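**Q** Dropping a structure here in structure tokens format, bear with me for questions.
The values are calculated or read from the model by the stated rules, or taken from the named source; none is laboratory data. Here the structure is a predicted model, which is why all the values come from computation and not from measurement. Glycine also receives a Cβ, built like all others from the backbone with ideal geometry; neighbour counts cover every protein chain displayed.
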Amino acid sequence: MPLFRSASGDAAMVRLETGTDLLEALGEAAAELGMRAGAIQLIGAVSELALAYYDQDAAEYRDLRTPGHWEIASGLGNVSLRDGEPFVHVHLVCTGADGHAVGGHLTAGTTVFMVEAFLQALDGEPPVRTRNERIGLDVWH
Ligand code: ZN
């Protein structure tokens with residue numbers, strides 16, 4: 001993947017390869033940058049979109065059905081440590097052919113058509129995700 005690193009070395013612009021899994025590719029870009037924590041932003045398009053919605057009452061993710069091709073109108077996320085490894089967490093707002101939007105939590109199964117991402121590493125102590133039983137999620141501590 002073409003990766004354009006900042007002079008400081010702690011940020012990069014990257015184009016993700018067509019046909020790759022978006023979540024995996026963002027993880028690889030973060031690894032390439034040596035990122036243990038930081039911020040991600042992205043725009044582009046995907047040929048398949050797999051999002052989820054967190055059902056707060058059931059304390060579980062529900063898959064959203066999103067057939068078709070989509071523009072990524074806005075993608076924002078972060079990297080932090082979970083079980084000692086960098087963990088990528090991204091939310092997307094995507095638009096369809098008629099301009100309507102869908103959004104949610106990015107899951108595996110989203111296929112890159114063309115994506116441009118910016119990653120910025122945190123130059124301090126990384127947040128660590130651990131289980132919060134009250135909300136049923138791994139959150140920063
Ligand atoms: Zn999420």
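**Q** Give me the residue from the stretch 68-109 that is free of Cβ contacts under 8 Å to residues at least 40 places away in the same chain and crowded, with 17+ Cβ neighbours inside 10 Å and, out of that set, nearest to the ligand (Cβ to nearest atom).
**A** Among those that are free of Cβ contacts under 8 Å to residues at least 40 places away in the same chain and crowded, with 17+ Cβ neighbours inside 10 Å, it is His89.
**Q** Could you give me the residue pairs with C-beta distances under 7 Å whose first residue belongs to the stretch 110-131 and is modelled with pLDDT of 95 or more, whose second residue is among the polar types (S, T, N, Q) and outside any strand (DSSP E or B) wherever it lies, and which are 6+ apart or on separate chains?
**A** Taking only residues 6 or more apart or on different chains, the pairs are Val112/Thr18; Val112/Thr20; Phe113/Thr18; Met114/Thr18.
**Q** Just give me the residues in the stretch 106-141 being under 24 Å from Ser8 (Cβ atoms) and not in a strand (DSSP E or B), in sequence order.
**A** Leu122, Asp123, Gly124, Glu125, Pro126, Pro127
**Q** Can you tell me which of Ala50, Ala58 is over 22 Å from Val128 (Cα atoms), within 16 Å of the ligand (Cβ to nearest atom) and surrounded by 14 or more Cβ atoms within 10 Å (Cβ to Cβ)? Outline the logic, then answer.
**A** Numbers: Ala58 fails: surrounded by 14 or more Cβ atoms within 10 Å (Cβ to Cβ).
Unique residue meeting the criteria: Ala50.
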